[in-house]
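Everything on this sheet refers to the single structure shown next.
The values are calculated or read from the model by the stated rules, or taken from the named source; none is laboratory data. Remember, predicted model here, so these are calculated numbers, not experimental data. Here the Cβ positions follow ideal geometry from the backbone for every residue, glycine too, while neighbour counts run over all protein chains shown. Areas reflect the complete protein model, heavy atoms only, side chains present, ligands, DNA and RNA absent. Shrake-Rupley method; radii C 1.70, N 1.55, O 1.52, S 1.80 Å.
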Amino acid sequence: MKNQISQYKNATKDKLSVYGSSMSQFLKDIENLTHQKRLSAMPRGPIGHFIEVPQQKYRETVENILKGFLTSFVVNNDQDRILLMKLKKKYPNLGPIQFITTEFVDQVYDIRNGCVQISEGEGELLIDIMRVSDPVVMNCLIDHKKIERIVIVEDQIMAVYLTQHKQNVPKNLLRVIFTNPFSDYFPAPNYRSYSLRSKPVRFIQVNFKELINAIQRDKVRQEERCLQLQKIAEIQAVEYPDNTDIEYLRKNLNEEKERKIQIEAKIEHLKEKHQILKDIVENRKEELDRYFAESRKSRDEMRKMQIEIEAAQRKLDLMQNEINTKGRQITALKDKEHAFLQRVLDLEGKIANMKTEHRIATIESNNESIEEVELLMKNKMNQVADMKQIHQTFEAVMKRLSELRESRYIFVRKLRQYMTLRVKHKFHQLISLRNYTADIDIDHKEQILKLSVIPQDSEIEGAVSSTKSLSGGERSYSTVAFLISLWNCVDHPFYFLDEYDVFSDEYNRHIMTQLLLNEADRSKDKQFGFLASQEFSNIVAINTITIHKLRDFDRLDN
């Protein structure tokens, strides 16, 4: 302890002396070797010298996780490692030092795809609570300590929640560290936990005055303990008569006390485990109750929207029939108009080319009178007037049809917008039941549908942003939610869905099945068929639900 106190007093002047009184000289020799180009690159070390933890409450936890790694050095190749090991022999008082060989990279690794994805409030990533001043050291910590996959929590219930059940384990999680008492939790399917021994901070941003005082206080306590042990030894050295029975009873009493303590600890552990399971069940129950309440609340609204859609569809069908009838009438009028216009053009050409003298000579040669010619001319003029009237009627009909076409286009566009909003509303409603964030983009012009579903880690940089990156259960739930949204916009007597749960876990399968059954219960005038490769052990057949199960496949039949 005297050596430690002396070392820490020197560390107030030289921070490197906390790693050993000769550490500063050791680093100077390394710099000289680097300047002499005997080393391929300047080694980084000790590693703890490059690490800072801004929040004081995490410093002890970080140091106990990294342990002896803090005194290690990082070298660029094996030749550098061998040279430093030889140099280290000149400084025996430095203690054991590990030399880690890794190729130096000047940029920190991109860990967005391999980082643990947790929601706000669930804990802190070890890599986030540390500040590392050198990219080589940071990459070494990522390679050897997996600091981007370790989560620090201050709540034991949260530590158990994140690791005990597979469906709750965040993506890429390696382990969870509980700060007080210092414990290590490993996630399912290999769930286990260990209590670890925590040592006070020695290297990371140490307050040397407080550390020296703590060591001195510990020294006083140990001296007092030694005196007490000496007194006890002196008392035990005195021989008393019939001491054997007393010692035997005392030994039995101590054993019973230890057994009682073990039983009480086991009872407390079971109580904590029971409370954790109870909280999880209550959370799941509240989530289902909230969904059923929202489903009942939106039922009337959806029925009203269905009635409006049906009325709009009937109106659309009537307009379509009217447009078809008018179209046939326009076609007939076009043919008739064309024939009449052709006759008018022929007559006008004949009249324009006819010369008065030639017509009079013809009349005289044919013995026709002026009255007959005037009558013939009047009839032709009446025919021209009729053709003009028909032409005007045709233009009026075309104008009306153009107006109908424009109004139909506006109606169809509004109906398409309405259907799009309805699909989005229903899809967001179903996705929000799982606390997911979703976006649906329907491009009618390009005929492209884009879906984006983000689970509970939507605040994490580089979080999941497409259905291709989701887990099997998350993707299945998103697909079923989208199908139900589409079903609400169409009206058919039969709906079938095949093997919707084949890639899903048990929890997502239960939620999806309840969604589909609720959708079927809302539309009792329609028939729904759901095919699944697994059993529905939690569903009971009633008057509105029928379960058909195929017999097990027997290979002997083949």
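Return the loop-located chymotrypsin sites (Phe, Trp or Tyr not before Pro) in segment 58-100 (DSSP other than H, G, I, E, B) with at most 15 other Cβ atoms within 10 Å of their own Cβ; answer none if there are none.
Here no chymotrypsin sites (Phe, Trp or Tyr not before Pro) fit, given the DSSP loop and packing criteria.
What shape does segment 1-154 take by its C-alpha gyration tensor, where a ≥ b ≥ c are the square roots of the eigenvalues and a/c under 1.5 counts as rounded, a/b above b/c as prolate, and the rest as oblate?
Oblate, because a/c is 1.5 or more while a/b does not exceed b/c.
How big is segment 103-175 by Rg and Dmax over its Cα atoms, in Å?
Reported Rg and Dmax, both Å: 13.3, 41.
Taking N as the number of residues in segment 299-343, what is its alpha-carbon radius of gyration divided by 2.2 N^0.38 Å?
My calculation over the Cα atoms of segment 299-343 gives 2.08.
Apply the Karplus parameterisation 6.51 cos²θ - 1.76 cosθ + 1.60, with θ equal to phi minus 60°, to every residue of segment 66-74 and state each ³J(HN,Hα) to the nearest whole Hz, in sequence, with x for glycine and proline.
Computed from phi, the couplings for segment 66-74 are 7, 6, x, 4, 5, 8, 7, 10, 10 Hz.
For the pairs LYS15/LYS86; LYS304/LYS450; LYS145/LYS271; LYS166/LYS266; LYS273/LYS450, note any where the Cα-Cα span goes beyond 32 Å.
Check vs 32 Å cut-off fails for LYS145/LYS271; LYS273/LYS450.
Suppose the chain between GLN107 and ALA385 were pulled fully straight at 0.36 nm per residue; how much longer would it get relative to their current alpha carbon spacing?
Here the segment from GLN107 to ALA385 would lengthen by 91.1 nm.
Under a cut-off of 18 Å between alpha-carbon atoms, report the lysines in cross-link reach of LYS146, not counting same-chain residues fewer than 8 places apart.
LYS67, LYS171
May I ask you to evaluate 6.51 cos²θ - 1.76 cosθ + 1.60, the Karplus curve with θ = phi - 60°, for each residue of segment 41-53 and list the ³J(HN,Hα) values in order in whole Hz, giving x for glycine and proline?
7, 5, x, 9, x, x, 4, x, 5, 9, 10, 10, 10
With every protein chain left in place, what is the accessible area of LEU421 in Å² (1.4 Å probe, nearest 10)?
120
Taking a cut-off of 16 Å between Cα atoms, list the lysines near LYS336, but don't count ones fewer than 8 places away on the same chain.
List returned: LYS326, LYS388.
To the nearest 10 Å², what's LYS28's accessible area with a 1.4 Å probe?
110
With all protein chains present and a 1.4 Å probe, how do ARG408, ARG250, ARG328 order by accessible area, largest first?
The ordering from most to least exposed comes out as ARG328, ARG250, ARG408.
Expressed as a rounded percentage, what relative contact order does segment 75-186 have, with Cα pairs under 8 Å and six or more residues apart?
Relative contact order here is 23 percent.
Could you give each residue of segment 481-493 its phi-based ³J(HN,Hα) in whole Hz, using Karplus coefficients 6.51, -1.76, 1.60 with θ = phi - 60°, and x for Gly or Pro?
Here the 3J(HN,Hα) series is 4, 5, 5, 4, 4, 5, 4, 6, 10, 10, 10, 10, x Hz.
If you take the Cα Rg of segment 375-427 and divide it by 2.2 N^0.38 Å, with N the number of residues, what do you get?
Dividing the Cα radius of gyration by 2.2 N^0.38 Å gives 2.32.
Between THR101 and residues 5 or more places away or on another chain, which pairs have amide H atoms under 5 Å apart, with H built 1.01 Å from N, and which residues are they?
VAL75
Can you compute the modelled spin-label distance between GLU348 and LYS304, with each label point 7 Å from Cα toward Cβ, in nm?
According to this spin-label approximation, the distance is 6.1 nm.
Please compute, for the alpha-carbon atoms of segment 136-190, the extent along each of the three principal axes and give them in descending order in Å.
36, 25, 14
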